[in-house]
Every structure is written in C-alpha cells, then in structure tokens.
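One structure is given below, encoded as structure tokens.
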Amino acid sequence: MGDRGGAVPRALSRRRRITVAVLVALALCTGTGVAWGAWAAGGTTTGPADAVTAWTLPATATTCTDTDGQVFETAAVTWPETSTPHALDYTATINDVAAPVTDDGATRTVVIDQAVLQQLFGGLFGGTLTVRVTASLPGTSWTAPVATETVQAGVIVVPPGLTLECTS
C-alpha cells in the first residue's frame, strides 16, 4: 500500500504556493513605494505633489483695488497663496494675454498700470480689462476654478491720463 504521508506534504506545498502567489500579487498591485491616501483641501499631508490621488483645489480668492485721483491710476488684483497641503502655481491673463505676477512670499499680485498696458497691448486704451487667475498643482494637470476680476480702463484727455476702476 502506498504511503499516505506523502499527500500531506503535497497539500502543504500547494497551500504554500497559493500563499506565495497571493503575496506576490499583492506586492505587484500595491508596488513597493509609499501609498498616499486621498487628500482633502485644508488637510495636513506629506509627500510629493505628484503622489496626490485626490484633492479639490480651492478657488482663488482675488480682490481688486484701484487708486483714484492720480494722473495715471493703477489697479491691483491680489490673492493669498495656497501652500497647504502643497504650494500651487499661479498664472494670470489680462484680456487673454499673459500678465506678470509678483510674489511677496504670502500674496500674489497682478498690477495694471500704464507700463503694463504699454507692454501687453502696445499703448493705452479705454475699455474693459478682464483679469483671470488660474491656480494649478505643480506636476499635474489639475487646476482650480478660474478667478475673474474686471477693471474698466479709460483715457482722460485733459489732463492726459489713465483711469482704472475695479468693477467686480
């Protein structure tokens, strides 16, 4: 008669093979890197920005202020920087033309003045200026809703000058 003891090791060997196969499959599915969880705006996290799996980028809260009573008035669109859980990049346009953005470390600003209008549009003009600010998460295609401010520009003949009024 055959030795039945041989069947037990074969069964254990099969269980070991299945266990190893499951562990290998888990390792392949999860990878060897750190698994980052879903993020929520305002939460605290660590890790690289390109490891973000879910995050609703906050809308950029812009404000518009203008100077009055000057020969060449200015208008400024400002917003606080978002740095938690990761710093965002910001781009701005004035009437769909890329506009310079200044950064003081806590606040970003787009200034509209005679020099900017000359640089972007080749001269002073009257009309509506639409400033759009877009925030994005570096290393991804994620963008926040576009923030929009409107500035009404006018040219004064006597005395010659430029008026800028925030209208939104």
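Of the set (1) in a loop (DSSP other than H, G, I, E, B); (2) at pLDDT 90 or above; (3) surrounded by 14 or more Cβ atoms within 10 Å (Cβ to Cβ); (4) not β-branched (V, I, T), all apply to L124 but (2).
Do you know which of the residues in the stretch 149-168 that are open to solvent by less than 70 Å² (accessible area, probe 1.4 Å) and β-branched (V, I, T) is farthest from T109 (Cα to Cα)? Result: I156. Just the residues that are surrounded by 14 or more Cβ atoms within 10 Å (Cβ to Cβ), of a type outside the set (V, I, T) and within 17 Å of the chain's Cα centre (by Cα), please, taken from the stretch 60-88. Within the stretch 60-88, W79, E81, P85, H86, L88 meet the criteria.
Screening V146, V131 for residues that are open to solvent by less than 20 Å² (accessible area, probe 1.4 Å) and within 13 Å of T93 (Cβ to Cβ) leaves exactly one candidate, V131.
State all residues of the stretch 72-90 that are of a type in the set (V, I, T) and either at pLDDT 95 or above or under 16 Å from F121 (Cβ atoms) (or both); if no residue qualifies, say none.
Within the stretch 72-90, T74, V77, T78 qualify.
The values are calculated or read from the model by the stated rules, or taken from the named source; none is laboratory data. Keep in mind it's a predicted model, so treat the numbers as computed, not measured. Glycine gets a Cβ as well: all are built from the backbone with ideal geometry, and neighbour counts include every protein chain shown. Each accessible area value is taken on the protein alone, full model and side chains, heavy atoms only, with ligands, DNA and RNA left out. Shrake-Rupley method; radii C 1.70, N 1.55, O 1.52, S 1.80 Å.
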